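I have placed the structure first, in the form of structure tokens, so that the comments after it can refer back to it.
The values are calculated or read from the model by the stated rules, or taken from the named source; none is laboratory data. Just so it is clear, the model here is predicted, and its values are computed rather than measured. Here the Cβ positions follow ideal geometry from the backbone for every residue, glycine too, while neighbour counts run over all protein chains shown. Keep in mind that these areas ignore ligands, DNA and RNA; they rest on the heavy atoms of the full protein, side chains included. Shrake-Rupley method; radii C 1.70, N 1.55, O 1.52, S 1.80 Å.
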Amino acid sequence: MAKKASKGRKPAKKTSSRRKPASKSASRPLTLASLSNLRPPRGSRHRKVRVGRGMGSKLGKTSGSGDKGQKSRRGYSRRRGFEGGQMPLHRRMPKRGFHNPFSVEYSVLNIEELNVFPAGETVTPDLLRAHGFVRRSHDRVKILGDGELTTKIAIHAHAFSASAKDKITKAGGTFEVVA
């Protein structure tokens, strides 16, 4: 077999189809952010999964609900605490006691603790909270008669014991029940 002679053409030299990437600064000019070109960061927003839109969508037919059973039916929504028909934990546990929704809680304070205030001071529940005698802000304040009161002060509280009232008046102070 004889070789065909080429008509003066040289075979094309194979070159790489890859191009050198241009520098980033040259390809995209730097622009300032404005309301017209704001976009969320890449990857922070996701498209909603559209279930039940045909077999070509990957989520057709059973639409992610599986085959048969209560959970695959329309209108199913599981109740909080539902355990598949088993008696739920909150019904298996024994119930004891009673919680009175109208109960009033007092933070109690003894008379001797009020000696830190100077004479002539008006001691109120807010002042006692500010000085750290009463920790919980929603509690009422009750003054009890343990110890002796040495300073003449005016005390405003939600409740007083009988012995506390006597000791306040003996020290020359006054007491007032706050509503």
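Grab the Cα-Cα distance for His99 and Ser137, subtract it from 0.36 nm times how many residues apart they are, and report the gain in nm with one decimal.
11.6 nm
Grab the alpha carbons of region 46-90, take their convex hull, and tell me the volume per residue in Å³.
So the per-residue hull volume is 112 Å³.
How much accessible area per residue does region 72-179 have, in Å², with a 1.4 Å probe?
Roughly 73 Å² per residue, with all protein chains present.
Roughly how much of Ile111 is accessible, in Å² to the nearest 10, using a 1.4 Å probe?
0
Which translational diffusion coefficient, to the nearest whole µm²/s, is obtained for region 69-169 from the Stokes-Einstein equation, given a Kirkwood hydrodynamic radius over C-alpha pairs, 37 °C and 0.692 mPa s?
D, rounded to a whole number, is 184 µm²/s.
Could you tell me which of Ala119, Ser65, Leu144 has its Cα farthest along the dipole of region 27-179 towards the positive end, charges placed at Cβ (Lys, Arg +1; Asp, Glu -1), taken about the Cα centre?
Highest projection toward the positive end goes to Ser65.
Using the Cα centre of region 30-96 as the reference point, and only Cβ charges (+1 on K/R, -1 on D/E), how large is the resulting charge dipole? Debye, rounded to the nearest 20.
Using Cβ point charges on Lys, Arg, Asp and Glu, region 30-96 gives about 280 debye.
Sorted by mean Cβ packing within 10 Å, highest first, what order do the peptides 71-82, 90-101, 118-129 take?
The most tightly packed comes first, giving 118-129, 71-82, 90-101.
With all protein chains present, how much of the accessible area of region 90-140 (probe radius 1.4 Å) comes from carbon and sulfur, to the nearest whole percent? Walk me through the numbers before you get to the answer.
Details: 2100 of 4120 Å².
On region 90-140, the fraction of accessible area on carbon and sulfur atoms equals 51 percent.
Please give every one of the aspartates and glutamates within straight-line cross-link reach of Lys167, meaning a C-alpha to C-alpha distance under 18 Å, and leave out same-chain neighbours fewer than 8 residues apart.
Result set, ordered by chain and number: Glu112, Glu113, Glu121, Asp146, Glu148, Glu176.
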